[in-house]
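The values are calculated or read from the model by the stated rules, or taken from the named source; none is laboratory data. As the structure is a computational prediction, the values presented were derived from the model and not from experiment. Neighbour counts are summed over all protein chains in view; Cβ atoms, including those assigned to glycine, are modelled from backbone coordinates with ideal geometry. These accessible areas exclude ligands, DNA and RNA; they are computed on the full protein's heavy atoms, side chains included. Shrake-Rupley method; radii C 1.70, N 1.55, O 1.52, S 1.80 Å.
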Amino acid sequence: MKPLFHKVPTSIQSSYEVRHDKKPNFGKLWHYHPELELHYVIKGEGVRFIGDNISNFSSGELILLGENLPHTWRCHEEYYQNNSALDVEAIVIHFLPDCLGKDFINLPESFMLPKLFDKAKKGMIFNGKAKDELIALMKKAPNVNQIDKLIILLNILKILSETEEYTEITSSHAFYQSNESDSIRLNKICSYTLSNYKKEITLQEIAAFSNLSVTSFCRYFKLMTKKTYYDFLIEIRISHACRLLIENKIPTEMICFECGFNNVSNFYRHFKKVTGITPMEYKKSYLSN
């Protein structure tokens with residue numbers, strides 16, 4: 001999916017940027033930027049799109065995104081309703097690879113940093129002790145300045161570069177960049193799909209919505225996202241099925257129809273293809289943890 005370039009607000013008084021956001025939602029902009037991004041969700045739920053990956057997000061998730069890795073955190077639709085009582089909270093750190101100076105990254109003692117920055121190009125989601133240590137540092141970062149701010153960043157980089165407690169997010173390093181019209185069109189397609197995934201969406205319908213013929217739409221969508229629209233729609237439905245399985249409020253057979261599948265066997269087949277396990281195995285694994 002071609003994202004829109006985003007200029008991260010910067011200050012000449014800081015070598016890197018720290019934000020503690022509290023707002024109604026995370027917006028809907030599919031974007032990328034040259035800065036790496038360390039993103040800690042304190043509060044909020046929805047579906048995140050990172051590179052070619054579609055997954056649920058929820059409170060407590062900690063992710064590192066590499067340079068120019070396209071992403072967006074889209075909250076569930078109820079977060080965008082007028083007068084919604086829901087809101088989100090996150091601590092976000094943006095930094096360029098050479099934010100501590102071009103010579104710093106070439107020092108013998110810094111040899112792990114280029115390796116970290118390369119791994120981050122696929123996205124990294126953290127867990128375990130490393131995650132706890134990183135969150136503690138991120139909570140301090142908005143409230144310090146001068147040397148203390150640099151010390152926090154160095155400690156964060158040390159943990160990020162040394163830990164093995166992470167999993168990769170995307171399957172590829174390289175993703176397309178875009179012009180504004182591409183980004184607007186793909187954002188509209190994504191928003192329409194998230195709002196209508198429970199019903200049947202035909203290629204004729206989504207192509208017409210995109211002001212393209214079916215053939216042009218299929219070619220365009222595959223080029224932008226590296227997947228077919230049908231695969232994209234299935235992944236959206238499965239991500240919402242995962243959310244309902246975790247909530248454990250309705251039977252699996254009802255979840256099937258709630259997420260837009262027309263029969264249970266079809267739902268089970270697609271769920272295992274996307275996640276690698278059955279819905280019951282997914283629910284059991286989550287509840288046991």
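Results, tabulated for the structure shown:
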{"read-out": "Residue tally, condition buried (at least 21 other Cβ atoms within 10 Å of the Cβ) and under 17 Å from residue 80 (Cα atoms), over the range 38-59", "value": "5"}
{"read-out": "Contacts under 8 angstrom Cβ, first residue in the range 267-278 being under 13 Å from residue 236 (Cα atoms), partner among the hydroxyl-bearing types (Ser, Thr, Tyr) and assigned to a helix (DSSP H, G or I), 6 or more apart", "value": "271/282; 275/282"}
{"read-out": "Members of the range 38-63 that are over 10 Å from the mean Cα position of the chain (by Cα) and assigned to a strand (DSSP E or B)", "value": "38, 40, 41, 42, 43, 62"}
{"read-out": "Verdict on residue 261 being on the phi < 0 side of the Ramachandran plot, surrounded by 15 or more Cβ atoms within 10 Å (Cβ to Cβ), part of a helix (DSSP H, G or I) and without any contact (Cβ under 8 Å) to a residue 60 or more places away in the chain", "value": "no"}
{"read-out": "Breaking point among (1) modelled with pLDDT of 90 or more; (2) within 20 Å of residue 52 (Cβ to Cβ); (3) in contact with a Lys or Arg (Cβ under 7 Å, 6 or more places away or on another chain), for residue 224", "value": "(1)"}
{"read-out": "Selected residue (criterion: nearest to residue 164 (Cα to Cα)) from residues of the range 73-116 that are aromatic (Phe, Trp, Tyr) and open to solvent by less than 40 Å² (accessible area, probe 1.4 Å)", "value": "95"}
{"read-out": "Top-ranked residue of the range 20-37 - restricted to ones that are more than 22 Å from residue 80 (Cα to Cα) and assigned to a loop (DSSP other than H, G, I, E, B), ranked as most open to solvent (accessible area, probe 1.4 Å)", "value": "34"}
{"read-out": "Test for residue 134: is it at pLDDT 95 or above and not β-branched (Val, Ile, Thr)", "value": "yes"}
{"read-out": "Among (1) polar (S, T, N, Q); (2) under 30 Å from residue 271 (Cβ atoms); (3) modelled with pLDDT under 95, the one test that residue 146 misses", "value": "(2)"}
{"read-out": "Filtered residues of the range 137-165 (kept if hydrophobic (A, V, I, L, M, F, W, C) and open to solvent by less than 50 Å² (accessible area, probe 1.4 Å))", "value": "137, 138, 141, 144, 152, 153, 156, 157, 159, 160"}
{"read-out": "Residue match in the range 120-127 (condition: open to solvent by 60 Å² or more (accessible area, probe 1.4 Å), farther than 30 Å from residue 274 by Cβ and either modelled with pLDDT under 95 or not basic (Lys, Arg) (or both))", "value": "no"}
{"read-out": "Scope the range 232-258; condition in contact with a helix residue (DSSP H, G or I) (Cβ under 6 Å, 6 or more places away or on another chain) and either open to solvent by 50 Å² or more (accessible area, probe 1.4 Å) or over 26 Å from residue 219 (Cα atoms) (or both); matching residues", "value": "241, 244, 245, 246, 252, 253, 255, 256"}
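Residues checked against (1) acidic (Asp, Glu); (2) over 15 Å from the mean Cα position of the chain (by Cα); (3) modelled with pLDDT under 95:
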site: 69; (1), (2), (3): no, no, yes
site: 73; (1), (2), (3): no, no, yes
site: 79; (1), (2), (3): no, yes, yes
site: 82; (1), (2), (3): no, yes, yes
site: 92; (1), (2), (3): no, no, no
site: 106; (1), (2), (3): no, yes, yes
